[in-house]
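Single-structure report; data block below.
The values are calculated or read from the model by the stated rules, or taken from the named source; none is laboratory data. Bear in mind the structure is a predicted one, so any value in this text is a computation, not a measurement. Note that each Cβ is placed from the backbone with ideal geometry, even for glycine, and that neighbours are counted across all protein chains shown.
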Amino acid sequence: MVDIYNASNIGLDISQWDKKKFSGLNSENFRIFPACGTFFITDDSNEIREYYNIGEEIETYQDVSELKDKLKIITWLTPRSARRIALKRI
């Protein structure tokens with residue numbers, strides 16, 4: 001599985017399907033995508049903001065519409081530039 005993450009240019013995490021009922025973090029927020037140097041985007045939460053500088057270390061989205069817009073921009077990045085952005089936090 002690690003080989004798949006290492007080969008990925010973009011890591012998408014959906015932690016909260018229903019923000020009214022659920023909030024918080026999961027293990028992918030720390031140990032998988034960021035550790036592999038993958039450009040990482042996850043749903044926004046107060047908790048994630050306690051650990052990362054949003055827009056610098058990782059990217060977040062508020063809703064599906066914003067996720068679609070950001071993914072359009074992110075997919076324009078070359079794999080090398082996506083990795084460079086991801087590794088900037090290290």
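Summary table
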quantity: Any pair with Cβ under 6 angstrom, 6 or more apart, that starts in region 62-90 at a residue that is within 19 Å of SER15 (Cβ to Cβ) and modelled with pLDDT of 70 or more and ends at one that is among the charged types (D, E, K, R) and loosely packed, with under 11 Cβ neighbours inside 10 Å; calculated: none
quantity: Test: residue in region 18-30 that is in contact with a helix residue (DSSP H, G or I) (Cβ under 7 Å, 6 or more places away or on another chain), modelled with pLDDT under 80 and crowded, with 17+ Cβ neighbours inside 10 Å; calculated: yes
quantity: Subset of region 31-55 (residues that are at pLDDT below 75 and aliphatic (A, V, I, L, M)); calculated: ILE32, ALA35
